[in-house]
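The structure appears below as structure tokens.
The values are calculated or read from the model by the stated rules, or taken from the named source; none is laboratory data. Predicted, not measured: the structure shown is a model, and the values here were computed from it. Heads up, the Cβs are rebuilt from the backbone with ideal geometry, glycines too, and the neighbour counts pull from every protein chain shown.
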Amino acid sequence: MSLEDARRYLSSTRLRALLAMIETVFEDASACLFAAQAEIVGVASTVETIEAATGPAGQERLLADTETARMHVNRVAGRFDYLAQTGCELGQQAMDLQRLLSDQAGDLRMASILAIQSRVVSVSVVDHAETLSRFSDTARHLLSHAETIFAELRTTLLKNEEVLKATSLKLQEMHRRALALTEHADRMSALVRRVSEERVISDLAAGTRGAVGATDRALEAAIPRLQAGDTFRQRIEHVAAIVEIADASEKQLGCRLGDLAALQLASAAETVRSEIASTLCAFSDISDHRSACFAQLRDLAASEKMKALVDMSGLARDFVAGLEDLETDRTHLGSGMAAVAARYAEASKKTEELVEIQEQMHLLGVNATLVAGRAGEDGFAMMEIARQLRDATTAIGQRTRMIAEKMHLQQLAAELFNTPGEIPADADSVEAVCVITRHSDNLSDALHRAMQIAQSSGTSEIDEAAKLLTDFVSNEIIRLNLPPTPPQFAIAPGDLGAVDEIRSLYTMASERNLHDHVIGQSPSLIEDSTKQSEDAVLEDVFFA
């Protein structure tokens, strides 16, 4: 290479373009390496999750949690069986209440007819017609109010009956789903035992982990090599500074400094080319380790036991989702049953009003009987009607109390739907299900990543980084070489200040050594170097 060849690249425009290219290439190459490292870290995390799940401790814990969850879902199925039976009984009781209401309606109609008859008969009772007429009017008024309350009561009970019918059907369907989950849990337990009895996955995972470690160590060793780009950038900045000083100097000195800049540029190109060559060798090692790692991962992903793990993870996720859906539906039913219980409580208050009316009617009947008795034979018919009315209202009162008692029992049963019931889920069961949820989520994600990574193809990040560096060294500037014997220049004493300024820019020994070979050290630098050596000797003597 002639100095003229190198000087062609010393324009500020070309040097700026070279600096921009250095920054882009080495930053992109570094990004590729870090991405490759992140990929390997992801593989390591994936393998660690799989290995933890398939190792003895992980399998033992998973077996225990799966068994606990299986017992939990059995309790859940029992609980929904109990609730379904309760719902069925509530529906049956609601129908019984409707029959009682029908009987009550007949009693009320009979009482109303008797009240009307008493009004007609009261006129024939001499001397007591007015008193008995008031009795009849009061009785009719009370019975009219009772019929209004009865209508409201009937509407409430009909609404509850409709809700209870729908709830009973829903609970039976939920019980069937809970039973299906018990079978689901049995299959999950069988898969867990199947995986735990086989060491193939653990062995494959251990082999993959070893390949991952080798790849990661190779990447760790390769990343610092890209610092060569930063070193090269600094040297090009120094070349640009020399060119700037040369352009500002008189012609002869400027020519000498231009040659110095060209030599420094060629030296920097040789150095970075050598560094990139060794870096590409390191990349080749990384690719070999990565290929081995992915081969292990493909074997792991293709194993029968890995497929069993995938099935187990899917079952676990479906199992947990099924439990959550059941609890969501139970909560929704609970709110509906709370409304049913509230309506029963409200209806119970209405029955209290009916009982009060019955008591007033009974008292009216007694008084009417006494008044009619004083009328002798004229009051006999009135006495009979009063007796019949009193008997009818007594029957109404008894049936009303029976209805109130049944509604209270319905209310209590409906309120059970907002509590865990007779078969509660203990804390250990809930925790086991939570553990399986986390475990299945983590394992499912790890298996999905493993499958994706194992099936990935195409150019790797390492290949992209290698291509960037290969294209970079093919650039004509990077192909520059120093002459076998670099020339030496004599510098006039008056120009030594500019030369010393240039030498002070250097940050690398290779730059200073080339500079000193081409131009030689200035007397002031030699004097400083000699003084530093003498000071070092005196210091050694003093502290000896």
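Okay, here's what the table says:
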{"read-out": "Among residues of the range 129-178, those that are within 54 Å of the chain's Cα centre (by Cα) and over 24 Å from A341 (Cβ atoms), counted", "value": "2"}
{"read-out": "A57 under 30 Å from I286 (Cα atoms) and not acidic (D, E)", "value": "no"}
{"read-out": "Index of the failed condition, S133 passing every other in (1) hydroxyl-bearing (S, T, Y); (2) under 30 Å from G55 (Cβ atoms); (3) at pLDDT below 80", "value": "(2)"}
{"read-out": "Which numbered condition M306 misses (of (1) aliphatic (A, V, I, L, M); (2) within 24 Å of E183 (Cα to Cα); (3) without any contact (Cβ under 8 Å) to a residue 40 or more places away in the chain)", "value": "(3)"}
{"read-out": "Candidates S267, S274, S291 - the one that is in contact with a Leu (Cβ under 6 Å, 6 or more places away or on another chain) and among the hydroxyl-bearing types (S, T, Y)", "value": "S267"}
{"read-out": "Answer residue from the range 383-400, given it is closer than 14 Å to I113 by Cα and among the basic types (K, R) and is surrounded by the fewest Cβ atoms within 10 Å (Cβ to Cβ) among those", "value": "R387"}
{"read-out": "Where a residue in the range 500-516 is surrounded by 15 or more Cβ atoms within 10 Å (Cβ to Cβ) and its partner, wherever it lies, is not in a helix (DSSP H, G or I) and not hydroxyl-bearing (S, T, Y), with Cβ under 9 Å and at least six apart", "value": "R503/Q521; E511/L505; L514/L482; L514/P486; H515/Q521"}
{"read-out": "Conditions (1) under 49 Å from the mean Cα position of the chain (by Cα); (2) surrounded by fewer than 20 Cβ atoms within 10 Å (Cβ to Cβ): number failed by T271", "value": "(1)"}
{"read-out": "Any hit, the range 239-259, residues being more than 30 Å from A492 (Cβ to Cβ) and either at pLDDT 90 or above or in contact with a Lys or Arg (Cβ under 9 Å, 6 or more places away or on another chain) (or both)", "value": "no"}
{"read-out": "Of all residues in the range 205-257 being of a type in the set (V, I, T) and over 46 Å from the mean Cα position of the chain (by Cα), the one that is surrounded by the most Cβ atoms within 10 Å (Cβ to Cβ)", "value": "V239"}
{"read-out": "Filter result (touching a His at 6+ places or on another chain (Cβ under 7 Å) and either acidic (D, E) or not in a helix (DSSP H, G or I) (or both)) within the range 66-97", "value": "D81"}
{"read-out": "Meets criteria (free of Cβ contacts under 8 Å to residues at least 24 places away in the same chain and out of contact with any Ser or Thr (no Cβ under 6 Å at 6 or more places or on another chain)) for S274", "value": "yes"}
{"read-out": "Pairs, first at pLDDT 65 or above in the range 197-220, second buried (at least 18 other Cβ atoms within 10 Å of the Cβ) and not in a helix (DSSP H, G or I), C-beta under 7 Å, six or more apart", "value": "none"}
{"read-out": "Extreme residue, modelled with the lowest pLDDT, among residues of the range 464-496 that are acidic (D, E) and surrounded by fewer than 16 Cβ atoms within 10 Å (Cβ to Cβ)", "value": "E476"}
{"read-out": "Single residue of L326, L300, L309 found to be surrounded by 17 or more Cβ atoms within 10 Å (Cβ to Cβ), in a helix (DSSP H, G or I), at pLDDT 75 or above and of a type in the set (A, V, I, L, M, F, W, C)", "value": "L326"}
{"read-out": "Conditions (1) modelled with pLDDT under 80; (2) surrounded by fewer than 17 Cβ atoms within 10 Å (Cβ to Cβ): number failed by V121", "value": "(2)"}
{"read-out": "Residues (buried (at least 18 other Cβ atoms within 10 Å of the Cβ) and free of Cβ contacts under 8 Å to residues at least 24 places away in the same chain) located in the range 53-73", "value": "G58"}
